[in-house]
Amino acid sequence: MPYALAEVLETTERLWPAAGASSWDATGLVCGHPDDEISRVSFVVDVVADTVDEAVAEKSDLLIAHHPLLLRGVTSLAGDTVKGALVSRLLRAGCALVSAHTNADVVTDGTSGVLASLLGLSDVRPIEPDASGAHGIGRVGRLAHPTTLGALAAALAQLLPATAGGVRAAGAYETSVSEIALCAGAGDSLLEHPAVLAADVYITSDLRHHPASDASQRAALGTGPVLLDTSHWASEWLWLETAADQLRHELPDLDVRVSDLRTDPWDFVVTQ
């Protein structure tokens, strides 16, 4: 039995409340009408040609994406523009589009919460908690047993879907780590947060040269963590199955699917 899109939106609002989104974010319904009938839903990290084509081929009525397609302002959705072509393809196929971004990061089982759980961390709490203290950006927790930076990097690489860039480390392979700070997706804005500085290692994505270099110097002085840098897409893709399971539980008549298409932008690396 299909559900009205309005009912699905009520459910996604309960699961990932819009009030939890950052002020700069753009979440919620992008295209589609609340009266549309929804039987099949596809979850993706990125709205790109491949994931749109897959959703259309699978006859999905709704595409739920983590990353907003229209995060930054556009003045045209003409079919010969990148974003316009994607929206046009979805509209022609009768497939609505919804984004759950930072509002899905901050909840207990959000992107960082899922990564912390998969790493087996205990005493988990947000790096930047909200007023309740239960939700917020990033996570800090402790491994059951100390390990080395190299072993943690290897374990992380096994958890994540494969990408060209793999997992990059800044710090000695044998560095002992127990207290873990992490932020799925881009998290270099938290590099100087007290909770991150107090950790043994910080796991995040998209670390740029100068912030990473400064952080490495702090680690060498013993005033900050060593670093593990992962694929942005890979670290957030892990959340999709949890999100899909939550939606299945709330709306059991939906056919909910998770795309395993790799939308990491890098295809290969060349080393000397």
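The values are calculated or read from the model by the stated rules, or taken from the named source; none is laboratory data. A quick note: this is a predicted structure, and the numbers were derived from the prediction, not measured. Note: ideal-geometry Cβ built from the backbone for every residue, glycine included; neighbour counts use all protein chains shown.
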Only one of these is in contact (Cβ under 8 Å) with a residue 40 or more places away in the chain and assigned to a loop (DSSP other than H, G, I, E, B): R262, R257. Name it. R262
Please find, within the stretch 1-38, the residue that is nearest to A244 (Cα to Cα) out of those that are in contact (Cβ under 8 Å) with a residue 40 or more places away in the chain and among the aromatic types (F, W, Y). W16
Given the conditions (1) surrounded by 21 or more Cβ atoms within 10 Å (Cβ to Cβ); (2) within 21 Å of Y173 (Cα to Cα), report the number of the one that H232 does not fulfil. (2)
Tell me, which helices (runs of 4 or more DSSP H) lie completely within the stretch 7-123 with 3 or more residues that are at pLDDT 95 or above and within 19 Å of the chain's Cα centre (by Cα)? 49-57, 102-105, 111-118
Failed item, numbered, when V256 is tested on (1) farther than 18 Å from E10 by Cβ; (2) within 19 Å of the chain's Cα centre (by Cα): (1)
Can you name the residue in the stretch 237-254 that is in contact with a helix residue (DSSP H, G or I) (Cβ under 7 Å, 6 or more places away or on another chain) and part of a loop (DSSP other than H, G, I, E, B) and is also surrounded by the most Cβ atoms within 10 Å (Cβ to Cβ) among such residues? L254
Here the residues within the stretch 158-187 that are of a type outside the set (A, V, I, L, M, F, W, C), surrounded by fewer than 17 Cβ atoms within 10 Å (Cβ to Cβ) and touching a strand residue (DSSP E or B) at 6+ places or on another chain (Cβ under 6 Å) are R168, E174, S176, S178
Which of the residues spanning the stretch 1-12 are surrounded by 15 or more Cβ atoms within 10 Å (Cβ to Cβ) and either touching a Pro at 6+ places or on another chain (Cβ under 8 Å) or closer than 23 Å to S112 by Cα (or both)? L5, L9, T11, T12
Condition first: in contact with a helix residue (DSSP H, G or I) (Cβ under 7 Å, 6 or more places away or on another chain) and closer than 16 Å to T111 by Cα. Now tell me which residues in the stretch 9-24 satisfy that. L15, W16, P17, A18, G20, A21, S22
Restricting to the stretch 138-158, name every residue that is under 17 Å from V201 (Cα atoms) and not small (G, A, S). R139, V140, R142, L143, H145, P146, T147, T148, L149, L152, L156
For the stretch 51-62, indicate whether the set of residues that are farther than 25 Å from L160 by Cβ, without any contact (Cβ under 8 Å) to a residue 60 or more places away in the chain, touching a strand residue (DSSP E or B) at 6+ places or on another chain (Cβ under 8 Å) and small (G, A, S) is non-empty. no
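Going by the conditions given, is V74 assigned by TED's automatic domain parsing to the domain that holds G94 and under 22 Å from A93 (Cα atoms)? Working first, answer last.
On the way: assigned by TED's automatic domain parsing to the domain that holds G94: yes; under 22 Å from A93 (Cα atoms): no.
The answer is no for V74.
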Scan the stretch 151-163 for residues that are over 18 Å from the mean Cα position of the chain (by Cα) and touching a residue at least 24 places away in the same chain (Cβ under 8 Å) and jot them down. L152, A153, A155
